[in-house]
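The values are calculated or read from the model by the stated rules, or taken from the named source; none is laboratory data. Quantities reported herein were computed from a predicted structural model and do not represent experimental measurements. Reconstructed Cβ throughout: ideal geometry from the backbone, glycine too, with neighbour counts over all protein chains shown.
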Amino acid sequence: MLVKVERLRVAFRSEGRLSVPVRGISFDVPRNSRVAIVGESGCGKSLTSLALGGFVERAEISGKISGSPRIAYIFQNPMQSLNPVMRVEAQIGECLPERCGRKERIANFLKDVGLRPETARKYPCQLSGGQQQRVMIAMALAQEPELLVADEPTTALDVTNQREVLDLIARVADERGMSVLFITHNLGLVARYSRFVNVMYAGEIVESGTVDAVLRSPRHPYTQGLLAAVPRLDLPKDSPLADIPGTVPPPWDWPKGCAFHPRCPKARPACSAPDFAGCPEM
């Protein structure tokens, strides 16, 4: 096992108020595998991924993270992640530990992600969104990671570039024996590119397993709601889009019992009880 997370809790205190965005979650990232954490915005997905690398400041963190792999990150908006006043070669070069043969190595990394060598002399503003994200992937590869965390890596891209970038991440991961942790709300991405999935809601993992098992036979009402909200091509064009009523509550005001019960169509009185022991649908 590359990374094993046990009872991870991340909390913040501000002006006397306690917020707990991540509430005692556990999951595994096997070696040479692709794992996804999926859920709506505000569920704690990105914070969980940052906690793996120790990048969460001013937080009360408890639980156990076993394994210390080299981790590299790809974020959702490459234009905000790249330095606008540095050329591509300088930004990739910062990720290389040694200077010997740096130009040749940078050219090879650019080639690996489908970019021409002359891209090294360009600034981020001279590249398209898809090219910028490829530069981010090249920077990640330069760190020779064992785990690549891809946090909504295609949000800022058009549909064609989304497919190309995801195919690229899958290819380089397979070629280099890297594990990938996808942070996403896109179940289509999960179905195509991941082997294991963890469904996260209100700071908790409500359902997990292989992608095939979870997507074919979802048990938790939240997972069922996410799948029902995926647009279907086999329905009439004027069919209404399914959704999950309401929004994710704030982390300083999680509902008692099951956090999903205020939005759940299958909620029972026991779901809102303080001694809630688990979803009866599971």
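When segment 30-47 is limited to residues that are out of contact with any helix residue (DSSP H, G or I) (no Cβ under 8 Å at 6 or more places or on another chain) and among the small types (Gly, Ala, Ser), the one that is nearest to Ile169 (Cα to Cα) turns out to be Ser33.
Would you tally the residues in segment 155-188 being within 23 Å of Ala228 (Cα to Cα) and within 11 Å of the chain's Cα centre (by Cα)?
5
Scanning segment 106-143 for residues that are of a type in the set (D, E, K, R) and surrounded by 16 or more Cβ atoms within 10 Å (Cβ to Cβ) gives Asp112, Lys122, Arg134. The selection criterion, being over 26 Å from Ala173 (Cα atoms), under 17 Å from the mean Cα position of the chain (by Cα) and modelled with pLDDT under 95, does not hold for Gly53.
When segment 75-89 is filtered for residues that are crowded, with 16+ Cβ neighbours inside 10 Å, modelled with pLDDT of 90 or more and closer than 14 Å to Gln133 by Cα, the ones remaining, listed by number, are Leu82, Val88. For the condition part of a helix (DSSP H, G or I) and either farther than 28 Å from Leu52 by Cα or in contact with a strand residue (DSSP E or B) (Cβ under 9 Å, 6 or more places away or on another chain) (or both), Thr154 does not qualify. The residues in segment 2-27 that are in contact with a Gly (Cβ under 9 Å, 6 or more places away or on another chain) and exposed (fewer than 11 other Cβ atoms within 10 Å of the Cβ) can be counted, and the count is 0. The numbered conditions (1) out of contact with any strand residue (DSSP E or B) (no Cβ under 8 Å at 6 or more places or on another chain); (2) touching a residue at least 40 places away in the same chain (Cβ under 8 Å) are all true for Val248 except (1). Can you find, within segment 56-74, the residue that is modelled with the lowest pLDDT among those that are in contact with a Lys or Arg (Cβ under 8 Å, 6 or more places away or on another chain) and not basic (Lys, Arg)? Checking each candidate, the answer is Gly67. Considering each residue of segment 16-38 in turn, at least one proves to be farther than 30 Å from Ala120 by Cβ, touching a His at 6+ places or on another chain (Cβ under 8 Å) and at pLDDT 95 or above. When restricted to residues that are hydrophobic (A, V, I, L, M, F, W, C) and under 20 Å from Ala173 (Cβ atoms), segment 188-218 contains 6.
I'd like the full set of residues that are farther than 26 Å from His185 by Cβ and surrounded by 22 or more Cβ atoms within 10 Å (Cβ to Cβ), limited to segment 144-158.
Correct list: empty.
Pick out, from segment 23-137, the helices (runs of 4 or more DSSP H) lying fully within it that include 2 or more residues that are touching a residue at least 24 places away in the same chain (Cβ under 8 Å) and of a type in the set (Gly, Ala, Ser). Outline the logic, then answer.
On the way: elements: 45-52, 78-81, 88-93, 102-112.
The qualifying helices (runs of 4 or more DSSP H) are 45-52.
Looking at this structure, is Glu6 among the acidic types (Asp, Glu) and in a strand (DSSP E or B)?
In short, yes.
Hey, does segment 149-167 have a residue that's within 16 Å of Arg87 (Cβ to Cβ) and either of a type in the set (D, E, K, R) or touching a helix residue (DSSP H, G or I) at 6+ places or on another chain (Cβ under 7 Å) (or both)?
No, there is no match, as no residue in segment 149-167 is within 16 Å of Arg87 (Cβ to Cβ) and either of a type in the set (D, E, K, R) or touching a helix residue (DSSP H, G or I) at 6+ places or on another chain (Cβ under 7 Å) (or both).
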